[in-house]
Amino acid sequence: MTNDILQKVEKYDELVQQYHALDGKIDTLLHNHQGYSENMSATAMQEYRSLARERNEVFNAMRAMEQVLFPDD
């Protein structure tokens, strides 16, 4: 495996770990509010939305990296 590919795989792995960490924070936040965003305070809702946006950005970066690692030939 070339050094370039190895670096890309490591970056992808970092993104996957970030995604799972953010997803876990969202799960915890929901769990602390009986599983419903409707039960959240304004501050908790703001945190929830921020985490969700960040998770979406990481997800999009993962998909972009997948296209680099596994191009359609």
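The values are calculated or read from the model by the stated rules, or taken from the named source; none is laboratory data. What you are looking at is a predicted structure, and each value in this text was computed from that prediction instead of being measured. Backbone-built Cβ (ideal geometry, glycine too); neighbour counts: all protein chains shown.
Here are some notes:
- The set of residues in the range 4-39 that are out of contact with any Asp or Glu (no Cβ under 7 Å at 6 or more places or on another chain), more than 30 Å from residue 70 (Cβ to Cβ), at pLDDT 95 or above and not polar (S, T, N, Q) comprises 30, 31, 33.
Condition check ((1) free of Cβ contacts under 8 Å to residues at least 60 places away in the same chain; (2) surrounded by 12 or more Cβ atoms within 10 Å (Cβ to Cβ)) across all residues:
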site	(1), (2)
5	no, no
12	yes, yes
16	yes, yes
22	yes, yes
26	yes, yes
32	yes, no
38	yes, no
44	yes, yes
51	yes, yes
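- Subset tally (residues that are exposed (fewer than 13 other Cβ atoms within 10 Å of the Cβ) and without any contact (Cβ under 8 Å) to a residue 60 or more places away in the chain) for the range 58-73: 9
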